Amino acid sequence: MSELVLDCQGLVRVYADGDHSVSVLDGVDLALAAGEKIAVVGASGSGKSTLLKLLGGLDHPTRGRVLLCGEDIATLAEKKLCALRNRRLGFVYQFHHLLPEFDAQENVAMPLLIGGTARDAAWERAAGMLARVGMDHRLSHRPAQLSGGERQRVAIARAMVTEPDCVLMDEPTGNLDPHSAAQVLQLIDE
């Protein structure tokens, strides 16, 4: 098996709700090697988004641990965790989370700029990635000027532009029409 990109062991997440507690995840073990694709499928409220947040270091488990490229993310200071996420992870959310005040190219370049890439190089890589997702004709368009499918393709380009070890996606086609959803799934496969 290839090097593990994500490895979670005994992952538990319990939320406090007043006098009650809600157990969302109970002892999840998962190992994902480089090049592997998995889909987590389940009913609404079954913990899929919670699992993705834990795997991406956006939330902390009640028990268990998550290793990202061999590093226990719970032991990292926030600054180091952010740098690790920037280098190693891409995120695609159900609601794309593009920054409305920036155009498509700026949105895609943002992770590169945050990671310290020079502006001209970031702009060039962002334009190249947007071309790969068929959005090179919309570089200067802001999210409000894009269709839902176009926004999702920009979000995928943003997730992929740093060439991360792993891309986490939370229902990337959940809010798209069937044609746009098929296009996004094809992009994911590519």
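Summarise the accessible area of segment 88-176 (1.4 Å probe, protein heavy atoms) by the percent that is carbon and sulfur. Could the numbers behind the result be given before it?
Values: 2090 of 4240 Å².
Accessible surface attributable to carbon and sulfur in segment 88-176 totals 49 percent.
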Handout entry: Per residue accessible area of segment 91-185, 1.4 Å probe, in Å²
Key = 50 Å²
Practice task
Quick one: dipole size for the chain, taken about the Cα centre, charges +1 on Lys/Arg Cβ and -1 on Asp/Glu Cβ, in debye to the nearest 20.
Solution key: 280 debye
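Going by the alpha-carbon gyration tensor, a ≥ b ≥ c the square roots of its eigenvalues, is segment 119-182 rounded (a/c under 1.5) or, if a/c is not under 1.5, prolate (a/b greater than b/c) versus oblate?
Values: a/c = 2.31, a/b = 1.29, b/c = 1.79.
It comes out oblate by the Cα gyration axes.
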Exercise for the section: Give the cross-link partners of K37 among the lysines, using a straight C-alpha distance below 22 Å as the criterion and excluding same-chain residues fewer than 8 apart. Expected result: K48, K53
Exercise for the section: Could you tell me which trypsin sites (Lys or Arg not before Pro) in segment 18-105 are loop residues by DSSP with no more than 12 other beta carbons within 10 angstrom of their beta carbon? Expected result: K37
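Rounded to the nearest percent, how much of the accessible area of segment 10-53 (1.4 Å probe, protein heavy atoms only) is carbon and sulfur?
That share works out to 51 percent.
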Exercise for the section: Determine ³J(HN,Hα), in whole Hz, for all residues of segment 43-57 in sequence, where each value follows from phi through the Karplus function 6.51 cos²θ - 1.76 cosθ + 1.60 and θ = phi - 60°; x replaces Gly and Pro. Expected result: 5, 4, x, 8, x, 4, 5, 4, 4, 4, 4, 5, 5, x, x
Practice task
Could you tell me which of rounded, prolate or oblate describes segment 33-190, using a ≥ b ≥ c as the square roots of the eigenvalues of the alpha-carbon gyration tensor, with rounded for a/c under 1.5 and, failing that, prolate when a/b is larger than b/c and oblate otherwise?
Solution key: oblate
Fill in the blank from the handout: The summed charge of the V12 Cβ neighbourhood (under 10 Å; Lys/Arg +1, Asp/Glu -1) stands at +1
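Which sequence of M135, M169 reflects their accessible areas, 1.4 Å probe, from the largest down? Don't skip to the end; give the middle numbers.
Numbers: M135 0, M169 50 Å².
Descending order: M169, M135.
Given only helices, namely DSSP H runs of n ≥ 4 each adding -39500 (n - 2.57), what is the per-residue ellipticity at 222 nm of the chain, to the nearest 500 deg cm²/dmol? If you can, show how the numbers build up before the last one.
On the way: 6 runs with 69 residues, N = 190.
So the calculated ellipticity at 222 nm is -11000 deg cm²/dmol.
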Problem - For segment 9-122, with +1 on Lys and Arg beta carbons and -1 on Asp and Glu, the positive-most of L32, L58, P111 along the dipole - result: L32
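Skip the ligands, DNA and RNA, and give the accessible area per residue of segment 1-43 with a 1.4 Å probe, whole Å².
Numbers: 2870 Å² over 43 residues.
Per residue, segment 1-43 has an accessible area of 67 Å².
The values are calculated or read from the model by the stated rules, or taken from the named source; none is laboratory data. All of these numbers come straight from a predicted model, not from anything done at the bench. Virtual Cβ from ideal backbone geometry, glycine too; neighbours counted across all protein chains shown. Accessible surface is based on the protein model in full, side chains and every heavy atom, while ligands, DNA and RNA are left aside. Shrake-Rupley method; radii C 1.70, N 1.55, O 1.52, S 1.80 Å.
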